[in-house]
Amino acid sequence: MEKTLEMRVEELERMLFMTKNVLSFDEASAFLCLSKSYLYKLTSGNLIPHYKPQGKMLYFEKSELEAWLRQNPVKTKTQIEQEAQKYVLNRPLKK
């Protein structure tokens, strides 16, 4: 089955998007899967790393957005149990 020209262009756009290091506001919104209004709220509250080189346009560094996404990891049940075991085994004995 032959790909349509439109499908090929979309695929090329996705590949180009993945190689960019600095994202525009619209690109950051799409990358984070956040609405534009919520992303504006995050930037106005300084809750997400962003840049305003000329005081108007917003830009984002992709690596900083990835770090921001990973800032509050949720531990699995297994990880919690392992930490509890380590704590119980390593705590000092009461006299």
| task | Among L39, L69, L16, determine the one that fluctuates most according to a GNM of the chain built with springs between C-alpha atoms less than 10 Å apart. | result | L16
| request: Let me know the charge dipole size of the stretch 35-86 about its Cα centre in debye, to the nearest 20, where only the beta-carbon of Lys, Arg (+1) and Asp, Glu (-1) is charged. | output: 200
| said: Set the bar at 23 Å for Cα to Cα. Now go through K52/K75; K36/K77; K3/K62; K20/K75; K20/K52 and name every pair that lies beyond it. | reply: K52/K75; K36/K77; K3/K62; K20/K75
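With a 1.4 Å probe and every protein chain kept in, tell me what percent of the accessible surface of the chain is carbon plus sulfur.
Numbers: 4890 of 8570 Å².
Carbon and sulfur atoms account for 57 percent of the accessible area of the chain.
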| field | Cross-link reach list, aspartates and glutamates versus K41, counting only Cα pairs under 17 Å and skipping chain neighbours closer than eight places | value | D26, E27
| request: Quick one: dipole size for the chain, taken about the Cα centre, charges +1 on Lys/Arg Cβ and -1 on Asp/Glu Cβ, in debye to the nearest 20. | output: 880
| note | With all protein chains in place and a 1.4 Å probe, K86 shows an accessible area in Å² (nearest 10) of 130
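Could you work out Rg/(2.2 N^0.38 Å) for the stretch 21-92, with Rg from alpha carbons only?
Details: Rg = 18.2 Å, N = 72, 2.2 N^0.38 = 11.2 Å.
Here the Cα radius of gyration is 1.63 times the empirical estimate.
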| note | With Cα springs under 10 Å, the Gaussian network model of the chain assigns the largest mean-square fluctuation among Q85, Q71, Q54 to Q85
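Tell me the per residue accessible area of the chain using a 1.4 Å probe; a whole number in Å² is fine.
Values: 8570 Å² over 95 residues.
Each residue of the chain exposes 90 Å² on average to a 1.4 Å probe.
The values are calculated or read from the model by the stated rules, or taken from the named source; none is laboratory data. What you are looking at is a predicted structure, and each value in this text was computed from that prediction instead of being measured. Heads up, the Cβs are rebuilt from the backbone with ideal geometry, glycines too, and the neighbour counts pull from every protein chain shown. Keep in mind that these areas ignore ligands, DNA and RNA; they rest on the heavy atoms of the full protein, side chains included. Shrake-Rupley method; radii C 1.70, N 1.55, O 1.52, S 1.80 Å.
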